[in-house]
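To keep things clear, I will list the structure first and then write my remarks on it.
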Amino acid sequence: MNKMISMRTLGKSGRFGNQVFQYAFLKIYASYYHLKIETSSWAGHFLFGHQDPPVTHKLPQANIKEMARKDDLFIHDNPPYVNVDLKKYSHFVSTSFYHPFKSQFCSLFQPTKEINSIVNPGLKQLRNMGNTIVGIHLRRGDFIDSKIPNYCWVSPTSWYLNWLEHMWPTLKNPVLFIASDDLASVLPDFKQYNPVTSKELIDFSQQITSSPVDVSFYPDYYLLTKCDFLAISNSTFSFSASMLNKRCKIFMRPNINEQMLIPYDPWNSKPVLKAENKWR
C-alpha cells in the first residue's frame with residue numbers, strides 16, 4: 001500500500017463549516033508529508049472542483065483533534081500518522097494552527113469557473129448597491145434545539161443591532177447583507193437597514209438540482225467571504241467564510257459570556273466559543 005490517509009466521514013460528520021476544517025486538515029497534512037488521500041463525497045467536489053479518489057481502503061482511525069494539538073506535527077521527516085483514516089473535528093483548535101498554511105488553506109475553497117460565473121454577478125450587483133458591504137450571519141435552524149447548547153447557541157439579533165447602531169453612521173453608503181437559515185424570523189428586526197439577501201442576487205436553483213449533495217447554502221457563504229465588515233454567528237459556517245475574506249476591515253463575533261459582539265482575528269481564534277453555562 002502507498003503511504004496515504006483517508007477521511008471516510010467527510011460530508012457526513014457535521015455541516016459544511018465543519019467539513020471545511022476537516023478537508024483543510026486532511027489536505028494540508030497530506031501535502032506536507034506527500035501522502036495520497038481518499039475521501040468520501042462532499043460539497044467541495046461540486047463547488048471547488050476537488051477530484052480526490054473515493055475511499056477504497058479500510059484504515060485504522062486517528063483523531064484529528066488530538067493530532068492538531070501536537071506542536072511537533074509538522075517538524076518530522078516522516079509522517080507521524082500514516083495509513084490512517086482521520087475522524088472527529090479540528091474546529092475546536094485555534095486557527096493559528098493553520099496560519100503557516102494560510103495560502104494553501106484559502107486556495108482549497110475557491111469556486112470553480114462554472115460556479116463563479118453564477119455567484120460573481122450577484123456580488124457585483126451587491127457592490128452596485130453601495131460602497132460598503134456589511135455582512136451578518138444569523139444561525140438558527142439546528143442551533144435552536146441543539147444537543148450541545150454550550151457550543152451551538154443562538155445569538156440574539158439585539159447584539160447585532162447594537163453594533164449596527166454605532167457603526168452604521170460612520171460608513172460610506174453602506175448596504176446590509178444578511179445570511180441566515182431562517183430569514184423569515186430575523187429579517188424584520190433589521191428592516192430599518194433595508195437588508196439584502198442572496199436569494200435576491202443569485203439564482204442557484206440549477207446548481208442545487210444538479211449537485212449530488214446539498215449546496216443551497218453556497219450563495220450565502222460566497223458573499224460572506226466578500227464583505228467589507230462582517231459579524232458572524234458562533235458557527236463554523238461563517239467563521240470559515242471569514243478566514244477566506246481578504247478585504248474585510250473589521251470582524252465581529254458573538255460572545256455569550258459577555259452578551260455582546262466582540263472583535264476577533266479569523267486566523268488566531270477558536271472557530272467556536274463555549275458558553276460557560278447553558279443559555280438560550
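Read the figures in this text as sums done on the coordinates, not as results from a lab. Note that this is a predicted model, so its numbers are computed, not measured. Glycine gets a Cβ as well: all are built from the backbone with ideal geometry, and neighbour counts include every protein chain shown.
What to note about this one:
- Using a Förster distance of 30 Å, the FRET efficiency for Asp182-Ser103 (Cβ separation, nearest 0.05): 0.30
- Mean sequence separation of contacting Cα pairs (under 8 Å, at least six apart), scaled by the length of region 4-107, corresponds to a relative contact order of 36 percent.
- Largest mean-square fluctuation among Ser41, Ser210, Ser233, in a Gaussian network model of the chain whose springs join Cα atoms under 10 Å apart, belongs to Ser210.
- Modelled spin labels at Ile75 and Lys36, positioned 7 Å past Cα toward Cβ, are 3.2 nm from each other.
- Folded to 0 to 90 degrees: helix 113-127 orientation relative to the chain principal axis, Cα: 20 degrees
- Label assignment, Rg and Dmax of the Cα atoms in Å derived from the structure, set (1) 17.7, 57; (2) 19.1, 62; (3) 20.3, 59: (2)
- Anisotropy class of region 184-236 from Cα gyration tensor, a/c 1.5 cut: prolate
- For the chain, the longest principal axis of the C-alpha atoms and the axis of helix 16-33 are separated by about 40°.
- Three principal axis extents describe the C-alpha atoms of region 4-107; from largest down they are 33, 27, 21 Å.
- In terms of its C-alpha gyration tensor, region 113-263 has an oblate overall shape, because the principal axis ratio a/c (a ≥ b ≥ c, square roots of the eigenvalues) is not below 1.5 and a/b does not outweigh b/c.
- 222 nm mean residue ellipticity, helices alone, for the chain (DSSP H n ≥ 4; -39,500 (n - 2.57); rounded to 500): -9000 deg cm²/dmol
- Among Gln22, Gln125, Gln207, residue whose mean-square fluctuation peaks in a GNM of the chain (springs only between Cα atoms under 10 Å): Gln125
- Using the Cβ-Cβ distance between Val213 and Ser117 with R0 set to 22 Å, the FRET efficiency works out to roughly 0.60.
- For the options Met260, Met252, Met167, a Gaussian network treatment of the chain with springs between C-alpha atoms closer than 10 Å singles out Met167 as fluctuating the most.
- Relative contact order of the chain: 20 percent, from C-alpha pairs under 8 Å at least 6 residues apart in sequence.
- Using the Cβ-Cβ distance between Arg127 and Asn63 with R0 = 45 Å, the FRET efficiency computed as 1/(1 + (r/R0)^6) comes to roughly 0.60.
- Each label point was placed 7 Å from the Cα along the Cα-to-Cβ direction; for Lys270 and Lys3 their separation is 3.3 nm.
- Counting lysine pairs in region 113-263 that sit 8 or more residues apart in sequence, or on different chains, and whose Cα atoms lie under 26 Å apart gives 23.
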